[in-house]
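Read the structure below first, then the notes.
Just so it is clear, none of the values below were taken in a lab; they were calculated from the coordinates. Predicted model, so just to flag it, every value in this text is computed and none were measured. Cβ sites come from the backbone with ideal geometry, for glycine too, and all protein chains shown count toward neighbours.
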Amino acid sequence: MTTKATRAVGVDIGGTGIKGALVDLEEGVLLTDRVKVATPAGAEPDDVLAAVRVVLDTLGVADAEVPLGVAFPAIVRRGRTMSAANVSQKWIGFEAEEFFEEGLGREIHFANDADVAGIAEVRYGAARDVDGLVILTTLGTGIGTALLYNGVLIPNSELGHLQRAEKKKDFEAVAAYSAMERESLSWKEWAGRLQAYYNHLEFLFSPDLFIVGGGVSKHADEFLPLLDLQTPIVPARDRNNAGIIGAAALSLTAD
Ligand code: BGC
């Protein structure tokens, strides 16, 4: 009989930062400070691997005793990364899980970053016990999405790449938090773009709840009240740590 681990390490690789911590899997809380290093320019596989090693070394968990989950900002199918919106094109069609396992000398669990944030919120946070359709969006360098129906994840939804018809651009390019920073938008101006995005998601999916994660969710009070939607919209319980917690929690849901 195998005993389920009660602690695991989660590493959340993003377009801007790579974050990690040791996580208590019963409560879904961080047991250590969060370690963050910058994502190397260009986000090439070897450089990202080296940065993940730094995170694990700094946490003091570089040995293989504690389970490790790794989240990545791309479509992930059976351990392969299949897209590369904010990372090197080398990740497209790349055996990423195997690459990290060989490079780190240990087994890992590997999945899309928004999907694992969804797993964290279902297990410990705002999506817990919610019936029907929950759409979690992470607003960061890009826009990531997790679709959860009655608590079950439908992976790789990639709804940040829906296009604004009139602009012929992905919503991610105009409504991610990085767009707000790049264009020095006010909360109100940015909220106008989010309004168009969430209206579109509402029209397509008729969800029961929106959850907002990503770095900017710690400022949810600045922009969520500016949105006028039919669907309730709340910040992720774990704000930007949902990715770390969900990556760690993968060790409970995967083989
Ligand atoms: C990627 C997604 C990812 C999201 C958030 C998007 O550009 O295509 O896979 O979940 O960014 O990092």
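Dipole check for the chain: with +1 at the C-beta of Lys and Arg, -1 at the C-beta of Asp and Glu, and the Cα centre as origin, the magnitude is about 460 Debye.
Along its first, second and third principal axes, ordered by size, the chain spans 48, 39, 30 Å in Cα coordinates. Per-residue Karplus couplings for the stretch 113-119, computed as 6.51 cos²θ - 1.76 cosθ + 1.60 with θ equal to phi - 60°, are listed in order as 5, 6, 4, 5, 4, x, 4 Hz, Gly and Pro entered as x.
Would you mind getting the Kirkwood hydrodynamic radius of the stretch 129-236 from its Cα pairs, rounded to one decimal in Å?
Hydrodynamic radius (Kirkwood, Cα only) of the stretch 129-236 equals 13.8 Å.
Other residues lying with their Cβ under 10 Å from the Cβ of A248 contribute a combined charge of -1, Lys and Arg counting +1, Asp and Glu -1. Around the amide H of G213, modelled in the peptide plane, lie the amide H atoms of T137, T138, L139, A236, all under 5 Å away and 5 or more residues distant in sequence or on another chain. Distances between placed amide hydrogens fall under 5 Å for L25 paired with R7, A8, all partners being 5 or more residues away or on another chain. Once the chain from E107 to A62 is taken as fully extended at 0.36 nm per residue, the excess over their C-alpha distance is 15.0 nm.
Near the amide H of T32, within less than 5 Å, lie the amide hydrogens of L22, all on another chain or at least 5 residues away, with H placed in the peptide plane. Peptides 143-153, 91-101 ranked from most to least packed give 143-153, 91-101, packing being the mean of other C-beta atoms within 10 angstrom over each peptide's residues.
The base-10 log of I(q)/I(0) for the stretch 87-156, evaluated at q = 0.16, 0.21, 0.22, 0.28 Å⁻¹, reads -0.66, -0.91, -0.95, -1.15 [Debye formula, identical scatterers on Cα atoms, solvent excluded]. Its alpha carbons considered, the stretch 1-109 gives a radius of gyration followed by a Dmax of 13.6, 44 Å. The Cβ shell under 10 Å around V76 holds other residues with a net charge of 0, Lys and Arg each +1, Asp and Glu each -1. Given the chain, what percent of its DSSP beta bridges are antiparallel, to the nearest 5? Roughly 65 percent of the beta bridges in the chain run antiparallel, per DSSP.
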